[in-house]
Amino acid sequence: MAFRALLTRRTLAAASGLGPNGGVATSFRGLQTFSLPDLPYDYGALQPAISGEIMQLHHQKHHQAYVTNYNKALEQLHDAMSKGDAPAVVKLQSAIKFNGGGLSDLICWVMQAGGGEPPKGSLGWAIDNNFGSVDALVQKMNAEGAALQGSGWVWLGVDKELKKLVVETTSNQDPLVTKGPSLVPLIGIDVWEHAYYLQYKNVRPDYLKNIWKVINWKYASEVYEKECP
Amino acid sequence: MGSFSLHSSCLAKPTLRWSNDCFQNLNSLKLPALQRRPNFHSRKASKVLAFYGLKSPPYKLDALEPYMSKRLLETHWGEHQRGYVEGLNKELEKNDILYGYTLDELVKVTYNNGNPLPEFNNAAQVWNHDFFWESMQPGGGGMPELGLLQQIEKDFGSFTNFKEKFIEAALSLFGSGWVWLVLKRREKRLEVVKTSNAVNPIVWDDIPLISLDVWEHAYYQDYKNDRGKYVNAFMNHLVSWHVVTARIIRAEAFVNLGEPKIPVA
C-alpha cells in the first residue's frame, strides 16, 4: 500500500544529492520530506471507543505538527551537515527523535482500523505461549499503560532475533526500537493525554479498556508472520 | 430518626375550617407509629488514613475565566490533583518509613537523588499543583515591580527577554512537564528551568518562584493542542506577580542577592 511506503524511514541523501527513489514523499535538494497520510477510515469510524473529535484533532493537529516539525528539523539537519556544523547536528537529534518518533506513531492509525476480533493463527498461538491468553496480554498492557507516568506509548512487539513477544513502554515519542534494536511493533497504544482526554478525562484505565475494541489484530498478525515465518 | 406523616383525610376535606376545628380533627387522627427511616448518612470508617490533604486554590474555581475555565479547574484540581493526593495517601499506608514528613521534605526524600521512589510522582505532583494554583490570580499578568523587576532585568537583560525565554521553554518542552522561574541558590541568579513529568527544582535545592503546568491535561479542555495560546494567556493574564514578589522576599533570607562582586586583585 502506498501508505506503508510512507512509513519506511529513508536515509538522508546528503550533499551528494542522490535523487529520490520514487514514493509519495516530495523531495528537494535530495532530501526526502514527509507529508501527512490520510486515515484509511473516517474520523467517526472508531466511535464510541474513540470520539470523532479526538480523532480529528489528533490527526489534523498533533500529527500534522509532528510532520511539519520533522520536515523542518530534517532541513535544518541537512544544512548543518553540509556546513559541517557538528554542535548543531547534535542539538537537532532530540528534535528529530521526538518528531520522527511522532511520525512512527502514524502506524497507530493502521493499528486501530480493526474490529477488535482476537488474533488467530501463529500470532494467537504465540500470545498464548508468551502470556497465557489474549486476556492476560490485554491486562498486562493495560496495567503498564496506566502506570506510565507522563506521556508515552505502550507496545506489543516481537523481537526479531529471539522470536519472542514483548510488552514494552516508551516515553514521549520514543519509538519501540529505543528499547531494543531488533524489536518490531505489532500493536501500539498512545497514552499521551491528547489521545483520550476529551472523552475520558483523566480516567486512563477506561480508555485502555475500550481501545481494544478497535485494535487491528489483522495488521499485527501480518507483521508477525512476516518477521517470524 | 422518624417522622410524622399527616393523615391525608385531614387535608382533603373541604368542610374543614381552620382554627379550632382543625386541631380537634387532628387530635382524633389515628397517627401511624413512628417510622424508622434507614440511615442514609451513616459514616463508614474510612480505610485510608489521610496524611496529606487536598488544598483549595486561593480563589474560586471560576475566578480565572476566560483564561482558564471553571470546567478545566474542576477536572484539573478536583480530579487530577485529588487523584494524586489519594494515591499518595494510599501508598503511604504501606510504608511507615515515610511517616511524619512535611510535603516539602517528602518530595526531597522520595526523589532519592535522581532515583525516585514510587511515592515521588504523587508527592511531587501534589506539591507542584499547590504551587501552581498559588502562582496564579484572577486579574494577573502585567509586570513585576521594584526589586523583583530589577533582579529580572539583571539576570535576563529585560523583562521582555525573560518573557520570551519562558514562553520558548514552555513550547519546546517535549511531552509532559513543568516550566519554572527559579532562584538558583549557588549561582545566586534567576533562571528559567524545564522539568519533565513530576520533577521540581526543590530537589536540587533551588527556590522556585513561578511554575507553569504544561502537561496536556492542564490546557487541553480549553485550548486543545494550542499550547502557545495557553502559555501566552498565563503570562499575560494569570501569573501573580504579587505572589512571586512575596516568594523572592522570602528567598532572600536564604540567598544573598545583594552581594557585590568584588574583583580579586
Query raised in the report: Quick one: in the range B:210-238, which of the residues that are of a type in the set (A, V, I, L, M, F, W, C) and not in a strand (DSSP E or B) is nearest to the other protein chains (Cβ to nearest Cβ)?
Result: B:W215
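Residue-wise test of (1) touching a Cys at 6+ places or on another chain (Cβ under 9 Å); (2) buried (at least 19 other Cβ atoms within 10 Å of the Cβ).
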{"site": "A:D190", "(1), (2)": "yes, yes"}
{"site": "A:A195", "(1), (2)": "yes, yes"}
{"site": "A:Y200", "(1), (2)": "no, yes"}
{"site": "A:P205", "(1), (2)": "no, no"}
{"site": "A:K209", "(1), (2)": "no, no"}
{"site": "A:W217", "(1), (2)": "no, yes"}
{"site": "A:A220", "(1), (2)": "no, yes"}
{"site": "A:Y224", "(1), (2)": "no, yes"}
{"site": "A:P229", "(1), (2)": "no, no"}
Query raised in the report: How many of the residues making up the range A:128-160 are among the β-branched types (V, I, T) and closer than 24 Å to B:A123 by Cα?
Result: 0
Report task. Within the range B:72-91, count every residue that is touching a helix residue (DSSP H, G or I) at 6+ places or on another chain (Cβ under 6 Å) and over 19 Å from B:F131 (Cβ atoms). Result -> 1
Query raised in the report: Out of (1) surrounded by 20 or more Cβ atoms within 10 Å (Cβ to Cβ); (2) more than 19 Å from A:K201 (Cβ to Cβ); (3) out of contact with any Ser or Thr (no Cβ under 8 Å at 6 or more places or on another chain), what's the single condition that is false for B:D213?
Result: (2)
Query raised in the report: Identify, please: which residue in the range A:149-168 is within 14 Å of chain B (Cβ to nearest Cβ) and surrounded by fewer than 19 Cβ atoms within 10 Å (Cβ to Cβ) and is, among those, farthest from A:D128 (Cα to Cα)?
Result: A:G150
Query raised in the report: Could you say whether any residue in the range A:43-57 is closer than 18 Å to A:L198 by Cβ, surrounded by fewer than 16 Cβ atoms within 10 Å (Cβ to Cβ) and within 13 Å of chain B (Cβ to nearest Cβ)?
Result: yes
Requested in this report: Residue by residue through the range A:205-222, note down the ones that are over 18 Å from A:G44 (Cβ atoms) and touching a helix residue (DSSP H, G or I) at 6+ places or on another chain (Cβ under 8 Å).
Outcome: A:P205, A:D206, A:L208, A:K209, A:W212, A:W217, A:Y219, A:A220, A:S221
Query - Every pair of residues 6+ apart whose Cβ atoms lie under 7 Å, when the first sits in the range A:65-88 and is more than 17 Å from A:N99 (Cβ to Cβ) while the second is assigned to a helix (DSSP H, G or I) - result: A:M81/A:V89
Report task. Please determine, by comparing only the residues of the range A:179-208 that are away from every other protein chain (no Cβ under 14 Å) and under 23 Å from B:A198 (Cα atoms), which one is modelled with the highest pLDDT. Result -> A:L208
Requested in this report: Please work out if B:E187 is touching a helix residue (DSSP H, G or I) at 6+ places or on another chain (Cβ under 7 Å), away from chain A (no Cβ under 14 Å), of a type in the set (D, E) and over 27 Å from A:Y200 (Cβ atoms).
Outcome: no
Report summary line: Per the filter on the range A:173-182, residues among the aliphatic types (A, V, I, L, M) and buried (at least 22 other Cβ atoms within 10 Å of the Cβ) are A:L176
Query raised in the report: Would you call A:L31 more than 19 Å from the chain's Cα centre (by Cα) and at pLDDT below 80?
Result: yes
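The values are calculated or read from the model by the stated rules, or taken from the named source; none is laboratory data. Nothing here was measured: the structure is a model prediction, and the numbers come from that model. Quick reminder, even Gly has a Cβ in these numbers, built from the backbone with ideal geometry, and neighbours come from all protein chains shown.
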